[in-house]
Amino acid sequence: MRNNYILLLLMACYTISASAQISPFTDDLEQYSDGEEVCYLPGNGDWWIDWFSDCSSAGEASNLTAHSGLISFRVRPSDAGAGDVVDPVLDLGNKIFGTWSLSFWFYVPLDREAYFNIQGVTPIAGGEWVVGNIFFNQDAQNPGIGLIDDSALGAVNFDYPPQQWFRIYMGWDISGGIDSATWFMEVDGVSVIPCGTAFTDADGTIPTGLGGLNFFSISTDNEYFIDDVSYTDSAFCSLGIDDLNDLGVSIYPNPVSDRLNIQAQEAISSVTIYNIMGQQVYVSDVEAVSTSIDMSLLPQGTYFVEVDIDGKKAVDKIIK
């Protein structure tokens with residue numbers, strides 16, 4: 001009995017140390033070759049593992065389609081009846097404190113379905129589904145329709161563009177501890193789970209932590225692709241114009257070509273600009289009611305402008 005207890009302690013320590021190495025990262029998948037298995041044993045410092053922690057059900061690199069470059073991560077069809085299980089996991093490191101965001105690009109062929117879930121602990125043993133299941137074209141019957149089936153808001157339906165690359169952006173605020181954690185989720189630039197939503201299921205079950213995303217291949221109709229993954233230790237929402245108005249802030253012009261102007265009713269404490277991957281590209285203390293930012297040297301694309309006024313923040317999406 002005592003030996004079993006010691007073994008459980010050692011297993012717990014291994015689980016913590018294995019995922020504790022996961023820190024912010026970006027991955028465009030270009031380091032892999034077409035058809036190469038993408039998986040690492042837990043504790044090896046990489047973020048791609050699988051459910052069984054032995055790389056027996058890994059995903060693969062593919063040149064069939066990519067958001068950028070030539071290679072993406074393919075979750076191919078699975079046939080559990082034939083013993084062919086495809087069950088990759090993106091390890092997010094069992095976070096129980098801080099703020100975290102995850103951005104990745106997603107592609108679901110028109111006649112295929114896709115699925116993933118959020119796990120509370122990695123490496124995965126029995127499984128801990130935090131907000132239930134996240135489906136895209138469930139049962140291959142409704143292209144363009146998605147579902148989160150057990151969030152704190154209950155079941156949530158959303159739209160996505162089939163047979164096109166689109167961005168999924170998720171963020172977690174665990175700064176007050178996992179007991180009070182909140183999260184949000186955007187699909188193709190549209191809010192699906194609003195900022196500040198409890199990171200629980202509909203029953204209010206508190207997860208162990210932010211473990212990782214399980215990209216399980218749910219059926220023989222399953223096939224999807226992932227690319228340009230970015231995991232950062234900051235999280236922000238595209239809160240929209242109502243929140244900017246509440247804070248007395250206007251940001252213009254949008255789209256912007258050269259200079260971005262920010263006007264406020266109170267002194268602005270700071271302005272931070274992030275690119276679509278969640279990477280900080282500009283930050284400045286202001287201490288004035290208005291500022292003008294030179295964006296002429298930034299590449300064209302989508303940016304998020306975060307305005308801080310005495311600790312109160314609002315974020316707007318800007319196109320250049």
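Details
- So Asp179, is it assigned by TED's automatic domain parsing to the domain that holds Tyr224, surrounded by fewer than 19 Cβ atoms within 10 Å (Cβ to Cβ), over 15 Å from the mean Cα position of the chain (by Cα) and in contact (Cβ under 8 Å) with a residue 12 or more places away in the chain: yes
- Restricting segment 151-168 to residues that are farther than 28 Å from Ser68 by Cα and among the hydrophobic types (A, V, I, L, M, F, W, C), the residue that is surrounded by the most Cβ atoms within 10 Å (Cβ to Cβ) is Val156.
- Just one of the listed residues (Ile148, Ile218) is of a type in the set (Val, Ile, Thr) and either in a strand (DSSP E or B) or within 16 Å of the chain's Cα centre (by Cα) (or both), namely Ile148.
- In the set (1) surrounded by fewer than 20 Cβ atoms within 10 Å (Cβ to Cβ); (2) within 14 Å of Val130 (Cβ to Cβ), the condition left unmet by Gly211 is number (1).
- When each of Gly132, Gly93, Gly126 is tested for being over 18 Å from the mean Cα position of the chain (by Cα) and either surrounded by fewer than 22 Cβ atoms within 10 Å (Cβ to Cβ) or not in a loop (DSSP other than H, G, I, E, B) (or both), the lone residue that passes is Gly126.
The values are calculated or read from the model by the stated rules, or taken from the named source; none is laboratory data. These figures come from a predicted structure and were not determined experimentally. Virtual Cβ from ideal backbone geometry, glycine too; neighbours counted across all protein chains shown.
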